[in-house]
Amino acid sequence: MALDRDTVVRTALRVLDEVGVDNLTLRRIATELNVQAPALYWHFKNKQELVDEMASTVLAEAVGAAEYGDDWAELLVNYGRALRGALLSHRDGAKVFSGTYLTRTDVYKGQEQALRVITDAGFSLAEAVAGLMTVHCYATGHAVEEQASTGDPRYDPQARADRVGAELPLAQAAGEGLFEKPDERFERGLALIVNGMRKAKV
């Protein structure tokens, strides 16, 4: 197997799926590649640089998966769905992605195309950037919460309802909306963002 940057990144993503971000080490990745850990330093200076490349790869694939057409609202919805899906496709994917430095320039091509569609619809560049980033941050944050709470019994809606107590009826009833049916919850929030932009445009 030729050891290049893409091979290391793909292997690192596979190891991430197996062990999670807290146990992701250069030594583990090197073992998977059947090389010594110092060999990875020819391609990445440290673990953070590798993580940045991993996150950039995930984002580039999400951008590429979005359907770019003439409808700005459809574009934002599809981008949000694609990004969330890409992050959820890897164990701790959202945690890895958050706060990383983007290294791949092909990300900007998708960004250019998206901003062109939105500004052509009548939004200013500042509004287009704000709208795109709002969807971006929403999809990322939603994925972070999903991955943190899924399978954790502490987030069981009934256990939560018992803990909150009947004297706080709205907070008690909110558990279902907070921790159940994540697909529906995500779509509801995405629609609120897009409808808010639509009203601001009028």
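The values are calculated or read from the model by the stated rules, or taken from the named source; none is laboratory data. For clarity, every value in this text was computed on a predicted model and none was experimentally measured. When we count neighbours, we look across all protein chains shown, and the Cβ atoms used for this are built from the backbone with ideal geometry, even at glycine. Ligands, DNA and RNA are excluded from the accessible area calculation, which covers all protein heavy atoms including side chains. Shrake-Rupley method; radii C 1.70, N 1.55, O 1.52, S 1.80 Å.
Report, ordered by the first and then the second residue, all pairs with beta carbons closer than 9 Å, sequence separation of six or more or different chains, a first member in the range 186-202 that is more than 18 Å from residue 119 (Cβ to Cβ) and charged (D, E, K, R), and a second member that is open to solvent by 20 Å² or more (accessible area, probe 1.4 Å) and part of a helix (DSSP H, G or I). What qualifies is 187/77; 187/81; 188/177. Sub-6 Å Cβ pairs linking a first residue in the range 73-102 that is in contact (Cβ under 8 Å) with a residue 60 or more places away in the chain to a second residue that is in a helix (DSSP H, G or I) and surrounded by fewer than 17 Cβ atoms within 10 Å (Cβ to Cβ), at least 6 apart or interchain, are 90/17; 91/17; 92/21; 95/21; 96/21, ordered by first then second residue. Among the residues of the range 182-198, those that are under 18 Å from the mean Cα position of the chain (by Cα) and exposed (fewer than 12 other Cβ atoms within 10 Å of the Cβ) comprise 183, 184, 188. Among the residues of the range 73-89, at least one is touching a helix residue (DSSP H, G or I) at 6+ places or on another chain (Cβ under 7 Å) and either of a type in the set (S, T, N, Q) or more than 30 Å from residue 120 (Cα to Cα) (or both). Any residue in the range 140-148 that is buried (at least 17 other Cβ atoms within 10 Å of the Cβ) and either over 28 Å from residue 196 (Cα atoms) or of a type in the set (S, T, N, Q) (or both)? Within the range 140-148, one or more residues are buried (at least 17 other Cβ atoms within 10 Å of the Cβ) and either over 28 Å from residue 196 (Cα atoms) or of a type in the set (S, T, N, Q) (or both). For the range 84-96, check the following and say yes or no: at least one residue is within 15 Å of residue 193 (Cβ to Cβ) and crowded, with 19+ Cβ neighbours inside 10 Å. Among the residues of the range 84-96, at least one is within 15 Å of residue 193 (Cβ to Cβ) and crowded, with 19+ Cβ neighbours inside 10 Å, which makes the answer yes.
Residue 107: farther than 23 Å from residue 197 by Cβ and over 13 Å from the mean Cα position of the chain (by Cα), yes or no? It is false that residue 107 is farther than 23 Å from residue 197 by Cβ and over 13 Å from the mean Cα position of the chain (by Cα).
Do any helices (runs of 4 or more DSSP H) entirely within the range 1-81 hold 1 or more residues that are in contact with a Phe, Trp or Tyr (Cβ under 6 Å, 6 or more places away or on another chain) and either open to solvent by less than 80 Å² (accessible area, probe 1.4 Å) or not aromatic (Phe, Trp, Tyr) (or both), and if so, which?
Working: elements: 5-19, 26-33, 47-65.
Counting at least 1 such residues, we get 47-65.
Kindly check whether there is at least one residue in the range 65-84 that is closer than 17 Å to residue 16 by Cβ and at pLDDT 80 or above. So far as the range 65-84 goes, no, none of its residues is closer than 17 Å to residue 16 by Cβ and at pLDDT 80 or above. Within this structure, residue 167 fails the test of being closer than 30 Å to residue 14 by Cα and at pLDDT 90 or above.
Aliphatic (A, V, I, L, M) and open to solvent by 50 Å² or more (accessible area, probe 1.4 Å), is that true of residue 128?
no
The set of residues from the range 162-181 being more than 30 Å from residue 81 (Cβ to Cβ) and surrounded by 15 or more Cβ atoms within 10 Å (Cβ to Cβ) comprises 164, 172. Applying the selection to the range 143-164, what residues are modelled with pLDDT under 85, farther than 22 Å from residue 97 by Cβ and acidic (Asp, Glu)? If the condition is that a residue be modelled with pLDDT under 85, farther than 22 Å from residue 97 by Cβ and acidic (Asp, Glu), then 156 is the only one that fits.
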